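Engineer: This is the structure, below, for whatever I ask next.
Only the coordinates and a few stated rules stand behind these numbers; no lab work does. For clarity, every value in this text was computed on a predicted model and none was experimentally measured. Neighbour counts are summed over all protein chains in view; Cβ atoms, including those assigned to glycine, are modelled from backbone coordinates with ideal geometry.
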Amino acid sequence: MLGAIIGDTIGSLYEFSSDKTKDFTLLTPSNRLTDDSLMTIAVGCACVGASIYDKEDFQSTLCRLMREIGNMYPDAGYGYGFYSWLIFENAGPYNSFGNGSAMRVSPVAWAASSLEEAERLALWSAEVTHNHKEGIKGAQATAACIYLARDGKSKEEIKEYVEKKYYPLNFTLDEIRPKYEFDVTCQGTVPQAIMCFLEGQDYEDTVRNAVSLGGDGDTLAAIAGSIAEAYFGIPKELEEKIFDYMDEEIIDYYNTYADELYK
């Protein structure tokens, strides 16, 4: 959860461009939380503010919170389709396969008590907007990685599960980095973010891997960072520093669910 927020904030300077290097300053005064962090917080609040066993309650609460928080920060970098969904209260899902479903999903893997529950909640969290099969797949694959990491599974076991159920991971970062470009789809972001984690030596190295690809930097780093948090943990310095980038209102929302899901 916090791993996604930190990754997003680090990657916020590289959403559309990167020097394809791992050598950069992690956090500067110019970094900021983007829509990735805000919607992650909305999902987290829904996980504690609604029943995670009642689809209608969970999804209606999630939609309310996403719009509530999203409209507080209208310049956070939303895609056109999602922004339209935010401002029209009665808008329904719009068959998106964008990576927004994966960037925001991490709290469900902390709320879940089983892998199956994590994947079910990922489905519910995705389909309120991203109801295309690839949008759902991206969210479920990300949530599965986080849950398996929390459950003490090895990288080899996590990779095996992803390849069996979701995506082939038959590439290395060095192989794809030279030609990898900005891609906002789940299928063009989630496998790459998972590989950033699999090749990462720790949380920071994982996020540096994500930014170095040169694609949708904030979202790659949010997804990769959310998995790395569950596997490696987060350096204390980064965990403390990220709150300098949050205002009091968003900290209040964050605390609403973090105290419950991290206990």
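Engineer: Report the longest stretch of the chain that contains none of the chymotrypsin sites (Phe, Trp or Tyr not before Pro) sitting in a DSSP loop with at most 12 other Cβ atoms within 10 Å.
Structural biologist: On the way: sites that count: Phe16, Tyr53, Phe88, Phe171, Tyr262.
Excluding the exposed sites themselves, the longest stretch runs over 172-261.
Engineer: For every helix of n ≥ 4 consecutive DSSP H residues, a contribution of -39,500 (n - 2.57) applies; sum these over the chain, divide by its total residues, and give [θ] at 222 nm rounded to the nearest 500 deg cm²/dmol. Walk me through the numbers before you get to the answer.
Structural biologist: Values: 15 runs with 163 residues, N = 263.
Taken over the chain, the calculation gives -18500 deg cm²/dmol.
Engineer: Using 1/(1 + (r/R0)^6) with R0 = 22 angstrom and r between the beta carbons of Val184 and Asn71, what's the FRET efficiency to the nearest 0.05? Could the numbers behind the result be given before it?
Structural biologist: Values: r = 22 Å, r/R0 = 0.98.
Efficiency computed from Cβ-Cβ geometry: 0.55.
Engineer: Sticking with the crude label model, points 7 Å out along Cα→Cβ, report the distance from Ser84 to Lys55 in nm, one decimal please.
Structural biologist: Placing both labels 7 Å along Cα→Cβ, they lie 2.6 nm apart.
Engineer: Which of the listed residues, Phe232, Tyr78, Cys196, is farthest toward the dipole's positive end in the chain, when Lys, Arg count +1 and Asp, Glu count -1 at the beta-carbon?
Structural biologist: Cys196
Engineer: Of the residues Asp57, Asp151, Asp247, which exhibits the maximal mean-square fluctuation in a Gaussian network model of the chain defined by a 10 Å Cα contact cut-off?
Structural biologist: Asp247
Engineer: Only one of the values (i) -0.71; (ii) -0.80; (iii) -0.89 was calculated from this structure for log10 I(q)/I(0) by the Debye sum over Cα atoms at q = 0.13 Å⁻¹; name its label.
Structural biologist: (i)
Engineer: Filter the GluC sites (Glu not before Pro) in the range 11-108 down to the DSSP loop ones having no more than 11 other Cβ atoms within 10 Å, then list what survives. Walk me through the numbers on the way to the answer.
Structural biologist: Working: sites: Glu15, Glu56, Glu68, Glu89; in loops: Glu15, Glu89.
For GluC sites (Glu not before Pro) across the range 11-108 that sit outside H, G, I, E and B with at most 11 neighbouring Cβ atoms in 10 Å, the list reads Glu89.
Engineer: Which listed residue (Leu65, Gly92, Leu148) has the Cα farthest towards the positive end of the charge dipole for the range 59-155, taking +1 on Lys and Arg C-beta and -1 on Asp and Glu C-beta about the Cα centre?
Structural biologist: Leu148
Engineer: For Gly98, list long-range residues whose amide hydrogen, built 1.01 Å from N in the peptide plane, is under 5 Å from its own amide hydrogen.
Structural biologist: Residues meeting the amide H criterion: Cys186.
Engineer: Please list 3J(HN,Hα) in residue order for the range 65-81, calculated via the Karplus relation 6.51 cos²θ - 1.76 cosθ + 1.60 where θ = phi - 60°; whole Hz, with x for glycine and proline.
Structural biologist: Per-residue couplings from phi come out as 5, 4, 6, 4, 6, x, 6, 6, 10, x, 9, 7, x, 5, x, 4, x Hz.
Engineer: Could you count how many Lys pairs in the range 2-261 have their Cα atoms under 15 Å apart, skipping same-chain pairs fewer than 8 positions apart?
Structural biologist: 5
Engineer: While we're on this one: Based on the Kirkwood radius over alpha-carbon pairs, what is the Stokes-Einstein translational diffusion coefficient of the range 103-162 at 4 °C with 1.567 mPa s viscosity, in µm²/s? Show your work: numbers first, answer last.
Structural biologist: Details: Rh = 11.2 Å.
For these conditions, the coefficient is 116 µm²/s.
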